[in-house]
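Note sheet for the following structure.
The values are calculated or read from the model by the stated rules, or taken from the named source; none is laboratory data. Please read these numbers as outputs of a predicted model, since none were measured by experiment. Every residue, glycine among them, receives a Cβ derived from its backbone with ideal geometry; neighbour counts consider all protein chains shown.
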Amino acid sequence: MKVKFPQAVGLLAFCVTLAPSVLAQDTFSHPRIISVTGTAEIKVPPDEVTLILGIDSRDKDLAIAKAENDRRGKRLLKLAKAVGVDPKNIQTSALTMGPEYTEEKIPKFLGFQVSQVVIVTLTDLSKYEDLMTNILKGGVNRINGISFQVADPKKYRDEARLKALQAAHDKAVAMAAQLGQTVGKPWEITEGVDNDYVPVQRNYLAALPDTLQSQQEQSTVAGGEVTIRALVRVSFQLE
């Protein structure tokens, strides 16, 4: 069977193009590697605390309820600043208002509730007790959460990452030795997505009764330790 000239030229071009690829496959060899994960965890004392505070006011007159809530809010801001909280670290994150009714078959109007949530971050833990005492006396009737944390976790993350890399190398050396191999240069390094730090949480979801307020005023700060974690995946060449 005869092949027409244009078809022959096309076939020849295809073979010429394919030849380097086949040659490359024959000459290229993936290095022998060992892939491991390394983890590290660092615990450090917190240097700041964030409080999520709630202020609730109720009255059958919405204007009165709102005015009372505003008064408590302003008093909270004043007391927080008095113990050294920077104004930029005081934020109103939510404000809601609406009517309240009984849960009877035919609901009865009880009045209006006005609520606001204020987030306060204190960077001097020596002032924590004073702050708690003041805010509880100043009209805060709900604490949604208290979180002890590290203001700048980056430097601790870097330290944890270095330790995780060392852990990965040590693991690879130990595993390779069991197989009579020697670990060489790293082939690929990736950082795990779950690198993070875990603040110490304190949650108070209900409104504070008088007895609990008294207990809070007598408490001592116990920030615990903040956990900072790192995870890396490393592939090493085997020699």
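Residue-by-condition table, conditions (1) of a type outside the set (Gly, Ala, Ser); (2) assigned by TED's automatic domain parsing to the domain that holds ILE90; (3) modelled with pLDDT under 90; (4) under 22 Å from LYS81 (Cβ atoms):
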{"residue": "GLU100", "(1), (2), (3), (4)": "yes, yes, no, no"}
{"residue": "PHE109", "(1), (2), (3), (4)": "yes, yes, no, no"}
{"residue": "VAL114", "(1), (2), (3), (4)": "yes, yes, no, no"}
{"residue": "VAL117", "(1), (2), (3), (4)": "yes, yes, no, yes"}
{"residue": "LEU122", "(1), (2), (3), (4)": "yes, yes, no, yes"}
{"residue": "ASN134", "(1), (2), (3), (4)": "yes, yes, yes, yes"}
{"residue": "LYS137", "(1), (2), (3), (4)": "yes, yes, yes, yes"}
{"residue": "ASN144", "(1), (2), (3), (4)": "yes, yes, no, yes"}
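What are the residues in the range 223-239 that are of a type in the set (A, V, I, L, M) and surrounded by fewer than 21 Cβ atoms within 10 Å (Cβ to Cβ), if any?
Once the filter is applied, which keeps residues that are of a type in the set (A, V, I, L, M) and surrounded by fewer than 21 Cβ atoms within 10 Å (Cβ to Cβ), the range 223-239 yields only LEU238.
Per this entry, ARG71 is counted among residues that are out of contact with any strand residue (DSSP E or B) (no Cβ under 8 Å at 6 or more places or on another chain), touching a residue at least 40 places away in the same chain (Cβ under 8 Å), more than 15 Å from MET132 (Cα to Cα) and surrounded by 12 or more Cβ atoms within 10 Å (Cβ to Cβ). Selection of first residues in the range 40-51 that are among the basic types (Lys, Arg) and of second residues that are modelled with pLDDT under 90 and in a strand (DSSP E or B), restricted to Cβ pairs under 6 Å at least 6 apart or on distinct chains, gives the following pairs, ordered by first then second residue: LYS43/THR227.
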